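First up is the structure itself, then whatever we jot down about it.
The values are calculated or read from the model by the stated rules, or taken from the named source; none is laboratory data. Here the structure is a predicted model, which means the values were calculated and not measured. Don't worry about glycine lacking a Cβ; one is built from the backbone with ideal geometry, like all the others, and counts go over all protein chains shown.
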Amino acid sequence: MRLPLVAQWLRAACDDQSHRSFATRYATGTFLAQALWVVGAALDGPSRLAAWVLAMLVDVITPFRATKVAPGRVFHAAHITERYGLFTLIVLGETILAVSIGLRDVIDAGRLDASTIAVCASALATAFAIWWLYFDTLGSDALERHRKAAFIWGYGHALLFAAIAAVGAGVAAQLDDTSNTFSGWFVALPAIIALVSLSWLQLSANLRRESAIVLGACSLAIVLLGVLLPRPVSVSIATAVCVVLAVVLETARLNVMPRLRRNRPAA
């Protein structure tokens with residue numbers, strides 16, 4: 001996939017004088033990263049790791065370096081938002097899959113009990129709440145504002161994606177080891193990180209201070225309650241906080257939008 005992409009960037013550099021530097025930097029970075037990935041596959045041990053880490057860094061840095069020489073915004077904000085949303089759905093799907101597989105294994109082993117049902121229900125509700133929070137409250141106005149905010153919004157999703165995926169892994173770990181005293185954190189901690197990630201994106205990229213404060217406060221509440229309460233209770237509370245938070249922020253958004261429309265100046 002990368003080699004045709006390099007060819008397309010070089011073609012754009014030849015055909016569009018105003019974006020030549022931008023396209024050339026993208027082509028160079030893409031080709032260099034691909035070369036490092038291939039070389040790393042042929043190496044062993046620490047050398048392979050070093051080559052792949054370097055390749056990843058080139059992949060991350062290339063868009064930032066390329067857009068520095070672009071004459072204007074070179075991406076479609078709505079398309080970027082759509083791609084990130086689709087990837088979020090894929091990662092959330094991993095949580096649903098983990099719940100399904102874990103529940104199947106528990107039933108096959110004859111270990112189904114009220115605690116297991118509570119864990120599965122809480123994980124599903126947490127996934128749905130994160131989905132709601134992401135698509136209905138996380139704005140994408142950072143993509144429209146300036147380059148730095150756009151990159152914070154884009155790269156900042158890495159922690160959010162990792163946290164959402166960890167919810168699914170936490171469910172599987174909980175169902176596999178129900179005797180672990182700290183197993184309640186297997187789901188609660190990723191949920192906390194997801195809320196903190198959303199809070200950080202709202203504040204640093206979208207400048208939505210109120211949403212960030214609410215998300216951060218709820219994350220802190222989950223931490224404090226999780227330390228004091230047993231596993232089923234801590235997981236259930238983490239889920240309840242996520243669900244209530246989604247409802248509260250959505251209600252606030254629905255109340256604000258009509259006022260914004262009324263106050264918008266006529267064209």
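Yes or no, residue by residue, for (1) at pLDDT 85 or above; (2) more than 20 Å from Ala169 (Cβ to Cβ); (3) in contact with a helix residue (DSSP H, G or I) (Cβ under 6 Å, 6 or more places away or on another chain):
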site	(1), (2), (3)
His76	no, yes, no
Phe87	yes, no, no
Val106	no, no, yes
Arg111	no, no, no
Thr126	no, no, yes
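Sort out which residues of the range 130-152 are among the hydrophobic types (A, V, I, L, M, F, W, C) and either part of a loop (DSSP other than H, G, I, E, B) or at pLDDT below 75 (or both), and write them in order of number.
Leu138
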Using beta carbons and a limit of 8 Å, which pairs, at least six apart or on different chains, have the first residue in the range 32-49 and within 17 Å of Ala66 (Cβ to Cβ) and the second one among the acidic types (Asp, Glu)? Ala33/Asp59
Can you tell me which residue within the range 106-162, out of those that are in contact with an Asp or Glu (Cβ under 8 Å, 6 or more places away or on another chain) and surrounded by fewer than 20 Cβ atoms within 10 Å (Cβ to Cβ), is farthest from Ile80 (Cα to Cα)? Trp132
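Report whether or not Val91 is assigned by TED's automatic domain parsing to the domain that holds Ala188, among the β-branched types (Val, Ile, Thr) and at negative phi.
Values: assigned by TED's automatic domain parsing to the domain that holds Ala188: yes; among the β-branched types (Val, Ile, Thr): yes; at negative phi: yes.
When the stated conditions are applied, Val91 passes them.
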With the structure loaded, tell me whether Pro63 is in contact (Cβ under 8 Å) with a residue 60 or more places away in the chain and of a type outside the set (Phe, Trp, Tyr) or whether it fails that test. yes
Please determine whether any residue of the range 96-109 is polar (S, T, N, Q), under 28 Å from Leu198 (Cβ atoms), assigned by TED's automatic domain parsing to the domain that holds Ala150 and without any contact (Cβ under 8 Å) to a residue 60 or more places away in the chain. yes
